[in-house]
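Please treat every number below as a calculation from the coordinates, not as lab data. The structure presented is a predicted model; accordingly, all values stated were derived computationally and were not measured. Counting neighbours? That spans all protein chains shown, and the Cβs are built from the backbone with ideal geometry, glycine included.
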Amino acid sequence: MTENSDNNPTGTANAHGPEVETPSKPVEPQAPPAPPAAPAPMSRPRPALYMLASLLLSLTQGLGMNLAAANLPQLQGPLGATTNEVTWLIAAYMAPNVSLSLILVKVRAQFGLRNFAELSILLFVLVMLLHIFVRDLQSALIVRFFSGIAAAPISTLAFLYMLEPLPPAKKLSIGQPLVLTNIAIGAPLARLISPDLLMVGDWHGLYLFEIALAMMAFAAVYLLPLTPPPRAKVIHWLDVVSYLFIAVGFGLTAMVFALGRVYWWFEAPWLGVMLAVGLASLTCAIVIELNRETPFLDIRWLTSKEILHLGGTLMIFRLLMSEQTAGAFAFFQALGLQNDQMATLSLVVIGASIAAGLAYIAVVKPGRENAAQMVALGLLMIGALMDSNATSLTRPEQMYASQALIAVAGVLFLPPAMAAGLTLALKRGPTFILNFIVVFLTTQSLGGVIGSALVGTFITWRTRFHLQAMADHLTLIDPLVAQRITQLAATYGRVITDRSLLNAEGVALLGQQVTREATVLAYNDAFLAIALFAACTIAVMILHLAIRAIRKSISPEPQLAAS
């Protein structure tokens, strides 16, 4: 199916009717058709409107992904769910979301950008409206699953609307850092506005604001059309088969890592079954793609040295960035703080992210990408090292500086990495952009779930370790321990007269304090491990750049012979 003639009113011969030959004049050679004219520059207010639409789409997608994740304890009561059950909300959302953007690239190319944008935002609005009808955990899981499907195109639209008004030279240097910054502020913004939204009406109040954003985004997409590229038939039936295997593989893997820490990895056999089926599905997709002339994904290119290096770098950094999501904010939640008590910390993170995005545009020029990534890793290492000295008395104001550094690191690292990946893809041809999207989405979406799971598992393991070490030194025959139990039991002295019950309450309160201190030590271990991991990453990156410079000096590129 080719639709270029239908969508190209500025075509060649058939646009002006048949030519009439005049024998009285000699026939001159026909000039080659002129290339299509570049789109006229937009008037001054219009580029700002497109950028605001991109910001609106980024925030809508970011809030949809993070509102539930930032308020799991608060949703247990309204949904009548346990701690483990409410975690399924994250798994249900991530299962389709981690892979759907892959097939949407081809859907957009075949059915047209305009249709793709309008139908995507309409579906998103309809799914957001379904949140109003949620009454229990089962209905919430169904709605969250479809939310993951509907949200997949929104981040793509955010990129397209940010890049639309910019000239080609500015798309990577300005457009890409801005949209990545907008996406980065979604998580802290969700924590910032959640307390007020929950007061409106629990689950329903949480999503009323997002429904309003979706309605505004719906209007923006219909009022601000994107420039439609030519359509082409690019979807083959084997593409659909491969994608289904990839979707099952990525989806089950994401669910395993989202649920593994709460159900514990080796205590729920169904986790192993899900992981085995997921890996088997990915293996089937790889086998299909390796035996196709025009594969949906070029597995050989994805496993090349350059792409493995890029993917490994993105994955490692995504794991390190879990210090903020699964580290600092989770640390304060473990101490009993709520989102409203961390509002200023969320504002600091948002402000630091915006400042870093603007600084990247102003400072980082072509050729400075490696320096930007080194600075990002250094800031992340310093921030994590600062957090590793936390105590049970630490409050958000003690982490303003460290979390600001980590937020800056997150914004500085991704734009050069994404630009490098796009450059590698474009060197092989536009069709390889889809392959790079696989690398980027896998490391960011799936990598985020894996990072949170690994950090959470490490913290659980270290908490048990410290708890056991403390328990070995706490015995009732120790006079200091007995004195502490008596002091704690005195809290209930006026309401409990039975001596044995009073002593039992003192022991329980001491156990709570010991558990809290063990948890603090575990988080400190996690912060320190992330700092050390960042330091090792910097060392490996320096070594890699040094080896590359030495090889370039030993065997310089051959100079072109003068003509």
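Ignoring lysines fewer than eight residues from residue 365 along the same chain, the ones with Cα atoms less than 29 angstrom from its Cα are 170, 171, 305, 427, 552.
Set the Cα radius of gyration of segment 87-177 against 2.2 N^0.38 Å, with N its number of residues, and you get 1.27.
Normalised by the residues of segment 464-554, what does the relative contact order come to in percent, with Cα pairs under 8 Å and at least six apart? Averaging sequence separation for qualifying contacts and normalising by length gives 28 percent for segment 464-554. Using a ≥ b ≥ c from the Cα gyration tensor of segment 211-314 (square roots of the eigenvalues), is it rounded, prolate or oblate, where a/c under 1.5 gives rounded and otherwise the larger of a/b and b/c decides, a/b for prolate? It is oblate, given that a/c is not under 1.5 and a/b is not larger than b/c.
Here the Karplus relation 6.51 cos²θ - 1.76 cosθ + 1.60, evaluated at θ = phi - 60°, turns the backbone of segment 505-510 into coupling constants of 5, x, 5, 5, 5, 5 Hz, with x for every Gly and Pro. Each of 449, 173, 534 was placed along the dipole of the chain (beta-carbon charges, centred on the mean Cα), and the one lying farthest toward the positive end is 173. At q = 0.06, 0.09, 0.13 Å⁻¹, what log₁₀ I(q)/I(0) does the chain have when each alpha carbon counts as one equal point scatterer in the Debye sum? Listed by q, the Debye log ratios stand at -0.37, -0.77, -1.49. What the Cα atoms of segment 256-352 give is an Rg and a Dmax of 19.8, 57 Å. Between residue 227 and residue 359, the FRET efficiency from the beta-carbon distance, with R0 = 35 Å, is close to 0.70.
Contact order, relative form, for the chain: 17 percent (alpha carbon pairs under 8 Å, 6 or more residues apart, mean separation divided by residue count).
Placing unit charges on C-beta atoms (Lys and Arg positive, Asp and Glu negative, everything else neutral), compute the dipole magnitude of the chain about its Cα centre in debye, rounded to 20. If you can, show how the numbers build up before the last one.
Details: 32 positive and 30 negative charges, 178 e Å.
It comes to approximately 860 debye.
Remark: 364, 179, 375 ranked as 375, 364, 179, counting other beta-carbon atoms within 10 Å and listing the fewest first. Listed values for segment 453-460 are Karplus-derived 3J(HN,Hα) couplings in whole Hz (6.51 cos²θ - 1.76 cosθ + 1.60, θ = phi - 60°), namely 5, 5, 5, x, 5, 4, 5, 4, and x replaces Gly and Pro.
Order by neighbour count: 387, 525, 196, fewest other Cβ atoms within 10 Å first, most last. Mind dumping the intermediate values first?
Numbers: 387 28, 525 18, 196 13.
With the sparsest Cβ surroundings first, the list reads 196, 525, 387.
Computed from point charges on the beta carbon alone (+1 for Lys and Arg, -1 for Asp and Glu), the dipole magnitude for segment 43-234 about its Cα centre is near 880 Debye.
If you model segment 464-554 as an ellipsoid using its alpha carbon gyration tensor, with each semi-axis the square root of five times an eigenvalue, the axes come out at 54, 11, 7 Å, biggest first. With θ taken as phi - 60° and the Karplus curve 6.51 cos²θ - 1.76 cosθ + 1.60 applied, the whole-hertz 3J(HN,Hα) list for segment 73-89 is x, 6, 8, 4, x, x, 9, x, 10, 7, 4, 5, 5, 5, 5, 4, 4 Hz, x standing for glycine and proline.
Remark: segment 237-293 is approximated by an ellipsoid whose semi-axes, taken from the C-alpha gyration tensor as √(5λ), come to 27, 9, 7 Å, largest first.
In the chain, a dipole from Cβ-located charges (positive for Lys and Arg, negative for Asp and Glu) runs towards its positive end, and of 66, 155, 130 it is 155 whose Cα lies farthest in that direction.
Evaluate 2.2 N^0.38 Å with N set to the residue count of segment 43-234, then give the Cα radius of gyration divided by it. If you can, show how the numbers build up before the last one.
Numbers: Rg = 17.1 Å, N = 192, 2.2 N^0.38 = 16.2 Å.
Scaled against compact globular proteins, the figure is 1.05.
Taking the fewest neighbouring Cβ atoms within 10 Å as the starting point, the ordered list for 255, 315, 199, 94 is 199, 315, 255, 94. Taken about its Cα centre, segment 464-554 carries a charge dipole of roughly 620 debye when the Cβ of each Lys and Arg holds +1 and the Cβ of each Asp and Glu holds -1. Only one residue of 75, 514, 49 has its Cα farthest out toward the positive end of the dipole of the chain, where Lys and Arg carry +1 and Asp and Glu -1 on Cβ, and that residue is 49. The gain in end-to-end length when the residue 544 to residue 397 segment is fully stretched comes to 49.1 nm, 0.36 nm per residue minus the alpha carbon separation. If you average the sequence gap of Cα pairs under 8 Å that are 6 or more apart and divide by the length of segment 237-293, what percent do you get for the contact order? Relative contact order of segment 237-293: 53 percent.
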